[in-house]
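Q: Okay, handing you the structure first.
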Amino acid sequence: MSEQMRIMRYRIVARHRSGQGYKKISAALKVPKSTVAIIILKWKTFGTTRTLPRAGRTAKLSYWGRRALVREVKKNPKINLAELQRCSQEMGESCRKSTITAALPQSGLYGRVACRKPLLSARHMTARMEFAKRHLKNPEMVRNKILWSDETKIELFGLNSKRYVWKQPGTAYHLSNTVPTVKHGGGRIMLWGCFSAAGTGRLVAIEGKMNAAKYRDILDKNLLQSAKDLRLGRRFTFQQDNDPKHTAKITEWLHNNFVTVLEWPSQSLDLNPIEHLWRDLKMAVHQRLPSNLTELERICEEEWQRIPKSRCEKLVTSFPRRFMAVLAQKGASTKY
């Protein structure tokens, strides 16, 4: 206890013994009335106001030691427990890793798996902010006229999600408690797809390696037909990312077919709502357990057509919120 605190407690007790009430003591010493009441109760109960010995083991890590570790973590969130333990030893407070693990949550810091996001340079973040400011106030009619597109890969056994099981101790490796894996995912297919607020457009399986010529052929056979099927009219806006094969020799085809292209900032997967549709598709497909690539392709087509229009509308409606998130993060990655 500090000397100042000790004197303050002594004065509170002295005034109480002289007959002053809690309210008068609080006003005179500028101390909350609740504090005055607690100190006087302690004096009446134990006959002293000093800090009494407490039950339990003395903390291995002092208050100041924990504060120092918190500073290290805030300075470098990716620091590991071994480095934190070394920092603690350098401060003269040797402790176990489990002590550090228990101490940091007391300051609101919890160990979690870091999110994987595209690498963003200062140029990327500036472009993302300018894009968000330019399109934040687009009316709903304009958003509903956008045809979103992208490619994705789906593996036969490659859904990277956690599976939980109920098991007894010592049965972790029983067949019923494990998730089977196959080298390289057992094979995979590459898909191109598009959607708008009106629903999903065409889904195309890409044979071989994707290049500019193959991409132009996909657009030639599927883009305008998808816009027609979704009743977007001729004055729709086409969205594609900045992959080199999307820009090489494609601009002329888009111009000749009078297709308006939405300019798109690089490294901005979080702004494209089709990424959520790909996740929905992969979850639905792998629940049906396809046994070969031909069956995988067929199931993908079926599940793509089953995605409800309401889901597409909801994703397109989230577009302004994505922009606000980008502006709030000053162009950095968002939760989307």
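Q: Quick test for you: out of Lys133, Lys78, Lys153, Lys117, pick the one residue that is of a type outside the set (Gly, Ala, Ser), surrounded by 10 or more Cβ atoms within 10 Å (Cβ to Cβ) and free of Cβ contacts under 8 Å to residues at least 40 places away in the same chain.
A: The conditions single out Lys153.
Q: Within segment 254-263, does at least one residue satisfy the condition of being open to solvent by less than 60 Å² (accessible area, probe 1.4 Å), of a type in the set (S, T, N, Q) and farther than 21 Å from Ala127 by Cα?
A: yes
Q: Can you spot a residue in segment 51-58 that is more than 30 Å from Ala114 (Cα to Cα) and aliphatic (A, V, I, L, M)?
A: Within segment 51-58, one or more residues are more than 30 Å from Ala114 (Cα to Cα) and aliphatic (A, V, I, L, M).
Q: Select from segment 1-55 the residues that are touching a residue at least 24 places away in the same chain (Cβ under 8 Å) and within 46 Å of the chain's Cα centre (by Cα) and list them in ascending order.
A: Met1, Thr51
Q: Quick one: in segment 88-114, which of the residues that are touching a residue at least 40 places away in the same chain (Cβ under 8 Å) and not aliphatic (A, V, I, L, M) is surrounded by the fewest Cβ atoms within 10 Å (Cβ to Cβ)?
A: Gln106
Q: Could you go through segment 46-63 and let me know if any residue there is part of a helix (DSSP H, G or I), closer than 24 Å to Ile100 by Cβ and open to solvent by 100 Å² or more (accessible area, probe 1.4 Å).
A: yes
Q: Could you list, in sequence order, all residues of segment 63-102 that are out of contact with any helix residue (DSSP H, G or I) (no Cβ under 9 Å at 6 or more places or on another chain), more than 23 Å from Ala114 (Cβ to Cβ) and not charged (D, E, K, R)?
A: Scanning segment 63-102 gives Tyr63, Trp64, Gln89.
Q: Here is a follow-up. Quick one: in segment 76-108, which of the residues that are under 16 Å from Leu61 (Cα atoms) and part of a loop (DSSP other than H, G, I, E, B) is nearest to the chain's Cα centre (by Cα)?
A: Among them, the one singled out is Arg96.
Q: Moving to a separate point now. Across segment 13-23, what is the total count of residues that are under 14 Å from Thr35 (Cβ atoms) and either surrounded by 13 or more Cβ atoms within 10 Å (Cβ to Cβ) or modelled with pLDDT under 90 (or both)?
A: Here the count works out to 4.
Q: Testing Ala332 on (1) in a helix (DSSP H, G or I); (2) within 14 Å of Met125 (Cα to Cα); (3) of a type in the set (A, V, I, L, M, F, W, C), one condition comes back false. Which one is that?
A: Every listed condition holds for Ala332 apart from (1).
Q: Taking segment 226-253 as the region of interest, how many residues are open to solvent by 90 Å² or more (accessible area, probe 1.4 Å) and in contact (Cβ under 8 Å) with a residue 40 or more places away in the chain?
A: So the answer is 1.
Q: Follow-up. Which number in (1) open to solvent by less than 70 Å² (accessible area, probe 1.4 Å); (2) of a type in the set (Ser, Thr, Tyr); (3) assigned to a helix (DSSP H, G or I) marks the one condition that Tyr10 misses?
A: Of (1) open to solvent by less than 70 Å² (accessible area, probe 1.4 Å); (2) of a type in the set (Ser, Thr, Tyr); (3) assigned to a helix (DSSP H, G or I), only one is false for Tyr10: (1).
Q: Within segment 289-314, track down each residue that is touching a residue at least 40 places away in the same chain (Cβ under 8 Å), open to solvent by 10 Å² or more (accessible area, probe 1.4 Å) and either aliphatic (A, V, I, L, M) or part of a helix (DSSP H, G or I) (or both).
A: Selection gives Leu293, Glu297, Glu301, Gln305, Ile307, Lys309, Glu313.
The values are calculated or read from the model by the stated rules, or taken from the named source; none is laboratory data. The shown structure was predicted, so the numbers you read here are calculated from the model rather than taken from an experiment. Reconstructed Cβ throughout: ideal geometry from the backbone, glycine too, with neighbour counts over all protein chains shown. Heads up: the accessible areas ignore ligands, DNA and RNA and are worked out on the full protein's heavy atoms, side chains in. Shrake-Rupley method; radii C 1.70, N 1.55, O 1.52, S 1.80 Å.
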